[in-house]
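Down below is the structure, laid out as structure tokens.
All of the numbers you see were taken from the coordinates with simple rules; none came from a lab. As the structure is a prediction and not an experimental result, all values here were calculated from the model. Don't worry about glycine lacking a Cβ; one is built from the backbone with ideal geometry, like all the others, and counts go over all protein chains shown.
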Amino acid sequence: MSQQKRGIINNSAVDPNKILPMKYLWARQHYKDGVANNWAPEEVSMQKDVEQWKSLTALNETERRMIIYNLGFFSTAESLTANNLVLAVYKHVTNPECRQYLLRQAFEEAIHTDTFIYCCDTLGLNPDDIYNMYETIPSIKDKDDFVVNLTKSLFDPNFTTEGTANVQRFLRDLIGFYVIMEGIFFYAGFAMMLALKRQNKMVGIGEQFEYIMRDESLHLAFGCDLINTIKAENPEVWTTEFQEEIMDLIKQAVVLEKQYAFDACPQGLLGINAQQFSEYVEHITDRRLERIDLPKIYGTQNPFPWMSQSTDLSKEKNFFETRVTEYQSGGALEWE
Ligand code: MN
Ligand code: FE
């Protein structure tokens, strides 16, 4: 029987235990980049954050609301992502080098989940409040429900990726999970927390968000390579009608992310008005569309050029920190 790896999905002739020789070298590269980016939340000191959080004057109500909203969204979103990855995506992507990457990504999602445990613990937040926000805050619930609905078919035990309609279902789910959840729904929050850090507020959490964002940009890169490979190997699924359906979903997601941005930060932050967060969402959405060969929709300028500048992240910059936790650099990463 031939052991050739013929395609990234629907390849029953492939032995999932034989990783060599490799066919999809990009998957291997993303794995290595992920390993090079290794970090853990406890390496980041929360001492200044705790002082500011307990102080009556260091943070205003707008800033506190924004921080709580982002902890509320991300604390459960990371687990939702991990569950989707391990319980649904892994089953249908049988190629061994892709699975090696998926295992690495799953580990990184565990690190992210741990980050929010660490934040809740150090700031002394009530976990019942934070971890219920995805059910009690409509602008958070709407985002999670949107992704859960899009990724439902992956959880159907009878679902297979055989046939055009099923490959489309799988692609729709992958786009919902990688492009929309990790590529759009995370980014208003990233911009808010990094904007706060630039004002020297909650710099510990801000730094953890930088590391999470660096990981997420790799998850997104892998996801887009996976999506584009499935499209290339199954060109009959990428019809005009299907592309329009995907564009429509992405437009709906942008509406939800803007709602979230206005709800989390209605007054804006010092020097940033609430509208700019939604312009940023439009800007990064255009980048996501280009990545999967769809036309951009908004043509919006990036209101936060520092988001791509502040992202060339290396632990060397923390020379003033007491703990030296230098890992190999992750190399050039596409941050937006
Ligand atoms: Mn994550
Ligand atoms: Fe992720």
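Residues in the stretch 173-185 carry Karplus couplings, in order, of 5, 5, 5, x, 7, 7, 6, 7, 5, 7, x, 10, 5 Hz; the curve used is 6.51 cos²θ - 1.76 cosθ + 1.60 with θ = phi - 60°, and Gly or Pro positions show x.
Overall shape of the stretch 14-98 was characterised from the C-alpha gyration tensor. The equivalent ellipsoid obtained from it has semi-axes of 41, 17, 9 Å, in decreasing order. Look at the dipole of the chain built from charges on Cβ: of 30, 249, 122, the Cα furthest out on the positive end belongs to 30.
Calculated FRET efficiency, residue 62 to residue 232, Cβ-Cβ distance, R0 = 41 Å: about 0.35 to the nearest 0.05. With the dipole of the chain worked out from charges on the C-beta (+1 for Lys and Arg, -1 for Asp and Glu) around the Cα centre, which of 153, 96, 176 lies farthest toward the positive end? The listed residue farthest towards the positive side: 96.
Taking only pairs that are 8 or more places apart or on different chains, how many Lys pairs in the stretch 42-313 have Cα atoms under 19 angstrom apart? Close lysine pairs under the 19 Å cut-off: 15. Over the stretch 42-313, the hull volume per residue, using the convex hull of the C-alpha atoms, is 122 Å³.
Counting only aspartates and glutamates at least 8 places from residue 32 when in the same chain, those with an alpha carbon closer than 18 Å to its own are 97, 108, 109, 215, 216, 225, 312, 326, 334.
Counted by Cβ distance under 13 Å from residue 248, the other residues give a net charge of -1, where Lys and Arg count +1 and Asp and Glu count -1.
Extending 7 Å from the Cα toward the beta-carbon at both residue 153 and residue 129 defines two label points whose distance is 4.2 nm. Projected label points at residue 262 and residue 141, each 7 Å from Cα along the beta carbon direction, are separated by 1.9 nanometres.
Roughly how many debye, to the nearest 20, is the charge dipole of the stretch 42-313 about its Cα centre, given +1 on each Lys and Arg Cβ, -1 on each Asp and Glu Cβ, and no other charges? Intermediate results must be reported in sequence, preceding the final value.
Values: 23 positive and 41 negative charges, 77 e Å.
With only Lys, Arg, Asp and Glu charged at Cβ, the dipole is about 380 debye.
Per the helix-only calculation at 222 nm, which mean residue ellipticity applies to the chain, given -39500 (n - 2.57) for every DSSP H run of n ≥ 4 and division by its residues, nearest 500 deg cm²/dmol?
Working: 13 runs with 196 residues, N = 336.
Computed mean residue ellipticity for the chain: -19000 deg cm²/dmol.
Over the stretch 42-313, Cα pairs under 8 Å with separation of 6+ residues give a relative contact order of 23 percent.
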